[in-house]
1. Please tell me the relative contact order of chain A in percent, rounded to the nearest whole number, where contacts are Cα pairs under 8 Å and at least six residues apart.
2. Could you work out the mean projected area of the convex hull around the alpha carbons of region A:1-131, in square nanometres to one decimal?
3. If you average 1/r across every pair of different Cα atoms in region A:579-659 and take the reciprocal, what Kirkwood value do you get, in Å?
4. Give the share of C-alpha pairs in each 5 angstrom bin for region A:2-60, from 0 to the last occupied bin, in whole percents, shortest bins first.
5. What translational diffusion coefficient, to the nearest whole µm²/s, does region A:292-444 have by Stokes-Einstein, given a Kirkwood radius computed over alpha-carbon pairs, a temperature of 20 °C and 1.002 mPa s viscosity?
6. Near the amide H of A:S616, under 5 Å away, which other amide H atoms are found, from residues 5 or more places off or on another chain, if H is placed in the peptide plane?
7. Where does each of A:48-54, A:675-681 land if you order them by average Cβ count within 10 Å, highest first?
8. Place a point 7 Å from Cα of A:R408 in the direction of its Cβ. Which residues in region A:371-386 have their backbone N less than 19 Å from it?
Amino acid sequence: MSYNFKAVEKKWQERWEKEGTFNASTDYTKKKWYGLIEFPYPSGQGLHVGHPRSYTALDIVARKKRLQGYNVLYPIGFDAFGLPAENFAIKNHVHPKIITKQNVDHFREQLKSLGFSFDWSREINTTDPNYYKWTQWIFIQLYKKGLAYKTTMPINFCTGCKVGLANEEVVNGVCERCGSEVVQKEKSQWMLKITEYAQRLIDDLDDLEFLDKIKTQQRNWIGRSEGAEVKFKITNSDEELLVYTTRPDTLFGATYMVVSPEHQMIKKLQDKITNLDEVKDYQHKASLKSDFERAEINKEKTGVEIKGIKAINPVNNKEIPIWISDYVLVSYGTGAIMAVPAHDTRDYEFAKKFGLDIIQVLEGGDILKEAFTEDGTHINSEFLDGLNKEDAINKISDWLEERNIGQRKVNYKLRDWVFSRQRYWGEPIPMVYCEECGWVPIPEDELPLTLPEVKDFEPGENGESPLAKQTEWINTTCPHCGKPAKRETDTMPQWAGSSWYYLRYMDPHNDKELASKEALEYWTQVDWYNGGMEHTTLHLLYSRFWHKFLYDIGVVPTKEPYHKRTSHGMILGTNGEKMSKSKGNVINPDEIVDEFGADTFRVYEMFMGPFDQTASWSMESIRGCAKFLDRIWNMQQFVVDGDEYTPETEKMMHRAIKKVSSDIEEMKFNTSVSTFMTMVNEFYKLKKINKAEFRTFLILLNPFAPHITEELYETLGFEGTISSSTWPKYEEAKTIADEITLPIQFNGKLKGTITIAKDEEEATVKEKVHEAIDSKLEGKTVVKEIYVKNRIYNIVVR
RNA sequence: GCUGAUGUGGCGAAAUUGGUAUACGCACAUCACUCAAAAUGAUGCGGAUAACAUCCAUGUGGGUUCGAGUCCCACCAUCAGCACCA
C-alpha cells in the first residue's frame, strides 16, 4: 500500500485547475484576505529552490485563510523585463520576447508542479503591452505632477551593460547584474523625485506591521538627519559657500573648508584661483575614480588647497583655507563641508596630514592623539561656552537665522531615482521631445506606446539605447503643436513594472483603468507581503513611493500598499554556501519533485529551520519528510470509525489545532511540522486512529501537504474536499491538562517530580512534595520554599 | 571600521517567553519481520563513572534571581549588509 505521489499529485493539480478551486471571488461582500509573494523574474535557469520557500509559506497561510472563510487573493505573475533576457538576445540574436515566453512557460509549469494555490486566472506579465500601458500611464501622471524630470548628472555607468545605474544597483562598485566595472559618466536622465516623499516614507512606517529589521533598514536608507545650512563668504568675491552640518554648534572649531571635486564653485571662481592647474589636475584624477575606489583609498586622504581664495567663518570672521578633496561627496548635502578637525575623525586625519589648525571646542578627550567625537561642554566658543550640545545647537541656529547666515535644515541620504535605461527590453518612456514645446507626454489614449520590432538589441556606442537606431519609430509629431518631434529612446528600469503590480492583480483584465475603483476599494491593502531582505531598500521603497503618489492623485484608497511585510531566509547549498553554478551545489527543484513529490518538498522546506533564517539544503532530511508522509498514508491500515475524538487523543487534538493555527500566523512552520510528526507517532503507538481524528489531522496538514491530504480525505470517504471544508476549532479548556507533572527543585536543580491535580491546593501540594522528597532533605536546612502554581516547587536549602 | 543577526548533542533544530534543557527530524546502534538485503515496525541514543546514584553541560567570563538557553555587563567566533553622510 505504498503512496503513489506522482499519480495523486497530478490528479489533484488537474482538478484544481479545471475547477478553478483557488480563483478569488469577485463577490465583494465577503471578508477578504490578500497574500502576496514577490513575483519571479523568469530567468533561463528556471525556478530556484529558494522561490518555493516564500511561496509555500504564504500558500499555507492562504489555504488556511480560505478554510477560515476568507475570500482569498493569492496571485502570481512574472516580472519579465530585464537584462538577462536582453543579454541572451544580443548573444544569440533571438528576440527577448521569445526567450521571455519560453522562460515564463517553464516557470509556470514548475510552479504548477508544486501545487501552489495561486489564482492563475489573474496571471500578469510586466512585458505585456496591456500591462505596461498602465506603467506608462503612471509615469505620465508623475510627470504631470512634476515628479519626473530630466537632468544631466554624473551617473554610474556600467561598462558592460552600457547603461546608467541607480546608486542602489551598484554593488561593491560593480554592476549588480553583470559584474562589470562602473564608471562615472555625464548623461541626461529621467529622474523620479522620491526624495519629495522621504519624510512620509519614514513617518508612515509607524502604522505598519513590518518586521522591525525591515523598518530599521528603510529608515537608515532614507537617512534623515537634522542640522543647519551655513553660508560662508568667500574673500574678494560675492560668492558664498553653502555647507550642511549636523553640528552647527562646533562652528568655532571650523578651521578649514572642503569642497567635493565636482563642486561648481571652482568653475565660478576660477579667475581668482592661483593654482588652477593643480586644482584641475586633482579634479581630473578624481573623475577617473569610481565611488568604490574613492572608498577603498579611505586610509590615505588626498586633497589640494585652493589658493587665491579663502572662506570667512561667520562666527568670528576668521579667514580659513578652502580645500578640494574626494572624501567629500557631491551627492550628499551641499557637496561642501566645514571641517571641524578636533571633533570629526575624517577631518582630523585630513588636518593632521596637511598640517591644518585644530581647535578644540568641546571639553573632553585628548585631541593631541585623536579626534574627540563624544558630547561635551562647549569651550573656546564665545557665546556658546558652558552649554551642552542641545542648547548650543539651538542657540547657534537662532543666531544664524537672525543674521540670515544660515538656517535649520533636515537632510536625507536618499537620492532621487534614476529612471532611464539605455536598453531595449523595458517599457518605452512615453515622452516626445519637440524643439518648440520641449518634453511632451504622449496622449493617454495612445497608450500603450509599444516597443518597436527590432533585429539588433546592441546598445549604441555611447551607451545610447538600441531604440535610438529606429529612425522610423523615433520620428513623430509633437502632440502639442503638431510639428515634427522625436520620441524618447530610453526605457524604464525593471523596478517600474514591479512598483505597482499588486494593484493589477486586483483587476487584471481591465482595459479602461489600471484597476476598477470597486476592486481597489475591496482588495487594498495587501494583508501580507513576504519577500527577500535584499528588496527592502529598492523594490519595497519604490513601490511604497508609487503607491503614495497614486494615493495623492486619488487612484488608490490607502496611504500604504502593504499592511504586513515579512522576509524569508536564504536557502544555501548542502555545503552551507550560496548555490551557484560555478560551485556546482545547485539543487534543481524539478529533480526533487520527481524523486519525492511536491508535498514532501513543501513539508521539507517548512521543516528545515526557522523561516526567517538561512538554511542549508540536506538530502538526508528531505528523506525523513518523505518517510513522514508515507507513515501518514499507512495510517489507513488502522483507521476505525468514530465521530468524536477518543479520551486518549482529545487533549492532543485540541492542542494541535491551537498550536498549528498560531504557528502559521507567526510563521513558525517548522514547529507545526513537528506537531504533526508527534501526532503521527502517537497514533502509531495507539495503533489506531478514528475518523474524527483523521479528518481534523488532514485538514490541519492540508495547507502544508495539499495533495496527499485531499487524496486521503477522499479515500476515507469524507464528504466533499478539504478545500471546500472549514478550519477546525479547539476549546481552550480541553488543551489544559488536569494532571500536572510538577518538578521539584533544590536551589533550582531538579531533584524529582510528583503528579498533582490542576489547581491543587498549595497545602496539599506541599504535603505531597515533602512526602516524595523528604528523604533527600536529611542533613540539609530548608531556608525557604517557593511554589509557582502548576509550574514548579523550589526548595531553598543550605 | 560601523550596523544588524546568530552561537544549544555527531548534524538540522525545540524550549509554554524567567520555571523539568535537548521536543521533532537526520545519522547511528540493537531487536522483530526476511533465506538474505532493502523497506517497514519497535527500542535506545548530551558527557563522565560499574552505577537506576552523583557531578558537569546551551560560545567565554562575570552579574541579577529561589531559579537564567532566555534578562544585564564585558569579551570571543561566524554570517550578512553598509561604507569617508559632514
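The values are calculated or read from the model by the stated rules, or taken from the named source; none is laboratory data. Quick caveat, the model's predicted, so the values are computed rather than measured. In this analysis, Cβ positions are derived from the backbone assuming ideal geometry, glycine residues included, and neighbour counts consider all displayed protein chains. We work out accessible area using only protein heavy atoms, side chains counted, and drop any ligands, DNA or RNA first. Shrake-Rupley method; radii C 1.70, N 1.55, O 1.52, S 1.80 Å.
1. On the way: 1394 pairs, mean separation 112.7, N = 798.
Averaging sequence separation for qualifying contacts and normalising by length gives 14 percent for chain A.
2. Working: hull surface 40.4 nm².
The Cα convex hull of region A:1-131, projected and averaged over all directions, gives 10.1 nm².
3. Working: mean 1/r = 0.0641 Å⁻¹.
Evaluated over region A:579-659, this radius sits at 15.6 Å.
4. 4, 12, 14, 17, 25, 17, 7, 4, 1
5. Numbers: Rh = 19.6 Å.
Using the Kirkwood radius from Cα pairs, D works out to 109 µm²/s.
6. A:L572
7. Numbers: A:48-54: 20.1, A:675-681: 18.3.
Top of the packing list down: A:48-54, A:675-681.
8. In region A:371-386, the label zone of A:R408 (backbone N under 19 Å from the point 7 Å along Cα→Cβ) covers A:384.
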